[in-house]
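To keep things clear, I will list the structure first and then write my remarks on it.
The values are calculated or read from the model by the stated rules, or taken from the named source; none is laboratory data. Source: prediction; values computed, not measured. All Cβ positions, glycine included, derive from the backbone under ideal geometry; neighbour counts span all protein chains shown. Each accessible area value is taken on the protein alone, full model and side chains, heavy atoms only, with ligands, DNA and RNA left out. Shrake-Rupley method; radii C 1.70, N 1.55, O 1.52, S 1.80 Å.
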Amino acid sequence: QVQLVESGGGLVQAGGSLRLSCAASGLTFSNYVMGWFRQAPGKERERVAAISRSGITTYYTDSVKGRFTISRDNAKNTLALQMNSLKPEDTAVYFCAASTTIWPPSVNYWGKGTLVTVSS
């Protein structure tokens, strides 16, 4: 059974930092492109960041560039998202995702999410 389990969410003041992690099991982790998505109440789910199978290539949505860093450790089957200079608009449930393809943009597996709340 494939599982993606997020952790590290919480409440933080604007300007603060959090580090999210995702522990993967039941799959060959290095075969998957990994990513982070987020969803705020009443809004569409948004792709935040992604990382290639090797960890060499990364993607960030414009709103988080320079503030967030995605990384992976294929030996430990883990994915991380370091979030600095957090803003209230970063408040959302953050989801870990795994995909075997870059295009079409389909997700094979989702985590259950971890809540990040940034107060002003």
(request) Among residues belonging to the stretch 105-118 that are assigned to a strand (DSSP E or B) and open to solvent by less than 40 Å² (accessible area, probe 1.4 Å), point out the one that is nearest to Gly26 (Cα to Cα). (result) Thr114
(request) Please indicate, with yes or no, whether at least one residue in the stretch 31-45 is in a strand (DSSP E or B), farther than 26 Å from Ser119 by Cα and open to solvent by less than 20 Å² (accessible area, probe 1.4 Å). (result) yes
(message) So if I check each of Leu11, Leu18, which one is open to solvent by 60 Å² or more (accessible area, probe 1.4 Å), of a type in the set (A, V, I, L, M, F, W, C), under 28 Å from Ser120 (Cβ atoms) and modelled with pLDDT of 95 or more?
(response) Leu11
(request) Determine whether the stretch 43-59 contains at least one residue that is aromatic (Phe, Trp, Tyr) and either under 16 Å from Gly8 (Cα atoms) or touching a residue at least 40 places away in the same chain (Cβ under 8 Å) (or both). (result) no
(message) Consider the stretch 68-93. How many of its residues are of a type in the set (Val, Ile, Thr) and either over 16 Å from Gly111 (Cβ atoms) or open to solvent by 50 Å² or more (accessible area, probe 1.4 Å) (or both)?
(response) 2
(request) Give the stretch 65-98 a look and list any residue that's of a type in the set (Gly, Ala, Ser) and touching a Ser or Thr at 6+ places or on another chain (Cβ under 6 Å), or say none. (result) Ala80
(request) For Val93, state whether it is among the hydrophobic types (A, V, I, L, M, F, W, C) and touching a residue at least 40 places away in the same chain (Cβ under 8 Å). (result) yes
(request) Return the total of residues in the stretch 47-104 being in contact with a strand residue (DSSP E or B) (Cβ under 9 Å, 6 or more places away or on another chain), among the small types (Gly, Ala, Ser), assigned to a loop (DSSP other than H, G, I, E, B) and under 15 Å from Ala24 (Cβ atoms). (result) 1
(request) For residues that are in a strand (DSSP E or B) and either at positive phi or not aliphatic (A, V, I, L, M) (or both), scanning just the stretch 21-30, find the one that is surrounded by the most Cβ atoms within 10 Å (Cβ to Cβ). (result) Cys22
